[in-house]
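Structure, as structure tokens:
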Amino acid sequence: MGSHEKIIIIGSGPAGHTAAIYSARAMLSPLMFEGFMAGGVAAGGQLTTTTEIENFPGFPEPITGPELMEKMREQSLKTGTRILTETVHRIDLKQRPFVIEADSGTYTADALIIATGATAKKMELPGVDQYWQRGISACAVCDGALPVFRNKPLVVIGGGDSAAEEATYLTKYGSTVHLLVRRGEMRASKAMQKRVMENPKITIHWHTEAKEVLGDGRLLTAVKVFNNQTQAEATIEASGLFFAIGHKPNTDFLVGQIDLDDSGYILTQPGTPITSVEGVFAAGDVQDKVWRQAVTAAGSGCMAALAAERWLEAQHS
């Protein structure tokens, strides 16, 4: 198949679709590769694994993640974006135009927007698959305010800044928050550790790891844990379990092509979508390890599209 395009967008979360909408309205006729179960997630990105969303502007009534992403997809198509349900396997940014290899063939592009996102790391424990999004989440800020977690005991796994932030955030909603730290100390910054240790609603379980997730067949009810020093086991009653063990940016296909940080996130010039390769722009969670929200991803998708449009104009002026 294959074709030459002014602009290609790789990724189909809020960043990718916002970039597509702006690019299409700028008459750039963008081609989007939305991915086919790329990173183990359906087209639409991480939001497709989220139940109710209450914090995306313009939706006073809760909307599900899949519904929100379907609306974004409809808008992309309506504005003139062409979408291929394919995964990009390899790109060559050392050639001009850029070369993109996907399931259906080789494509070329003058400009490229990468919005492939990051996948939350999920622990492989007995019961996790059964109760995923039925009490188990990898994003406290996304899901913590849901009614199912209100005034209920909650569990957070992790020892870094993300875990400390998520545990603190969840104290607004849960009755108590159990923080499972597998070592005898936290990796979080001193300020974050202090905040956690001084919060009366947070109980820290040192040298503690999850062993199994328990439920009633419908929702999570408890987490079985063990002390990795004494091997003593215990069961913590909980209505929510939140993994805060980090994210993996979906950039394996970019290694050696573009500057990445030590964790694999695309490096961009501060406050911009500009990458180390001229004509390549990055948006959303693939370059954002701090905020990771649908609305911030969408905003960065807008920035990437505008930056790409201006860069293309400069090339032909």
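No lab work stands behind these numbers, since they all come straight from the coordinates. Bear in mind the structure is a predicted one, so any value in this text is a computation, not a measurement. All Cβ positions, even for glycine, are placed from backbone atoms using ideal geometry, and neighbour counts span all protein chains on display.
Which value, in debye to the nearest 20, describes the size of the charge dipole of the stretch 194-266 about its Cα centre when Lys and Arg Cβ atoms bear +1, Asp and Glu Cβ atoms bear -1, and nothing else is charged? Walk me through the intermediate numbers first.
Numbers: 7 positive and 10 negative charges, 65 e Å.
With only Lys, Arg, Asp and Glu charged at Cβ, the dipole is about 320 debye.
Scan the chain and hand back the longest stretch that contains none of the GluC sites (Glu not before Pro) lying in DSSP loops with at most 12 other Cβ atoms within 10 Å.
Details: sites that count: Glu124, Glu185, Glu198, Glu278.
The longest such stretch corresponds to 1-123.
Per the helix-only calculation at 222 nm, which mean residue ellipticity applies to the chain, given -39500 (n - 2.57) for every DSSP H run of n ≥ 4 and division by its residues, nearest 500 deg cm²/dmol?
Details: 7 runs with 75 residues, N = 317.
The helix contribution divided over the chain gives -7000 deg cm²/dmol.
About its Cα centre, what dipole magnitude does the stretch 122-243 give when the only charges are +1 on Lys and Arg Cβ and -1 on Asp and Glu Cβ, stated in debye to the nearest 20?
Working: 15 positive and 13 negative charges, 58 e Å.
The calculation lands at about 280 debye.
Name all residues of the stretch 169-185 having a backbone nitrogen under 19 Å from the label point set 7 Å from the Cα of Asp216 along its Cα→Cβ direction, giving them as ranges.
174-176
Considering lysine pairs in the stretch 122-243 that are 8 or more places apart or on different chains, how many have Cα atoms under 13 Å apart?
Details: Lys152/Lys172; Lys152/Lys201; Lys172/Lys201; Lys211/Lys224.
Going through the stretch 122-243 pair by pair, I get 4.
From the mean inverse distance of alpha carbon pairs (Kirkwood) and the Cα radius of gyration, derive Rg over Rh for the stretch 122-243. Please report the intermediate quantities before stating the final value.
Numbers: Rg = 13.1 Å, Rh = 14.0 Å.
When Rh is taken as the Kirkwood radius, the ratio is 0.94.
Between the alpha-carbon centers of the stretch 113-169 and the stretch 7-25, tell me the distance in whole angstrom.
Between the Cα centres of the stretch 113-169 and the stretch 7-25 lies a distance of 27 Å.
Fully extended, how many nm does the chain gain between Glu70 and Thr203 (0.36 nm per residue separation, minus their Cα-Cα distance)? Don't skip to the end; give the middle numbers.
Working: separation 133, 0.36 × 133 = 47.88 nm, distance 3.96 nm.
Extra length available between Glu70 and Thr203 comes to 43.9 nm.
Work out, step by step, the length gained on full extension between Gln269 and Thr85: first 0.36 nm times the residue separation, then minus their alpha carbon distance; give nm to one decimal.
Values: separation 184, 0.36 × 184 = 66.24 nm, distance 3.02 nm.
Contour length minus Cα-Cα distance gives 63.2 nm.
Taking the alpha-carbon centroid of each part, what is the distance from the stretch 175-245 to the stretch 54-76 in angstrom?
32
Please work out the FRET efficiency for the pair Gln229 and Lys121, using the Cβ-Cβ distance as r and a Förster radius of 30 Å; give the result to the nearest 0.05.
Numbers: r = 24 Å, r/R0 = 0.80.
The computed FRET efficiency comes out at 0.80.
What's the local net charge at Ser300, with K and R +1, D and E -1, over the other residues with C-beta under 10 Å away? The partial results should precede the final answer.
Working: positive: none; negative: Asp285, Asp288.
Local net charge: -2.
To check you understand DSSP bridge types, tell me what percent of the beta bridges within the stretch 122-243 (both residues inside) are antiparallel, rounded to 5.
On the way: 12 of 28 bridges.
For the stretch 122-243, the DSSP antiparallel bridge percentage is about 45.
Relative contact order for the chain: what percent, with Cα pairs under 8 Å and sequence separation of 6 or more? Could you put the intermediate results ahead of the total?
On the way: 749 pairs, mean separation 65.8, N = 317.
The normalised contact order for the chain reaches 21 percent.
Could you tally the net charge around Ala120, taking each other residue with its Cβ under 10 Å from the Cβ of Ala120, Lys/Arg +1 and Asp/Glu -1? Let's see the in-between values first.
Numbers: positive: Lys121, Lys122, Lys248, Arg292; negative: Asp285.
Here the charged neighbours net out to +3.
Using the basic label-point model (7 angstrom from Cα toward the beta carbon), what is the Thr108 to Phe56 distance in nanometres?
3.7
Tell me which DSSP H helices of the chain clear both cut-offs, 20 Å or more of axial length from alpha-carbon atoms and a mean Kyte-Doolittle hydropathy of at least 0.0. All intermediate terms of the calculation are to be shown ahead of the outcome.
On the way: long enough: 65-79 (21 Å, -1.23); 294-315 (31 Å, 0.56).
Taking the DSSP H segments of the chain (at least 20 Å long, mean hydropathy at least 0.0), we get 294-315.
What FRET efficiency do you get for Gln95 and Glu278 if R0 is 22 Å and r is their Cβ-Cβ distance, rounded to the nearest 0.05? Intermediate values should be presented prior to the final figure.
Working: r = 13 Å, r/R0 = 0.59.
So, using R0 = 22 Å, E works out to roughly 0.95.
With an 8 Å Cα cut-off and a minimum separation of 6 or more residues, compute the relative contact order for the stretch 122-243 in percent. Walk me through the numbers on the way to the answer.
Working: 272 pairs, mean separation 38.5, N = 122.
It comes to 32 percent, rounded to a whole number.
In nm, to one decimal, how far is the Asp129 label point from the Glu313 one, both placed 7 Å along Cα→Cβ?
It is 5.1 nm.
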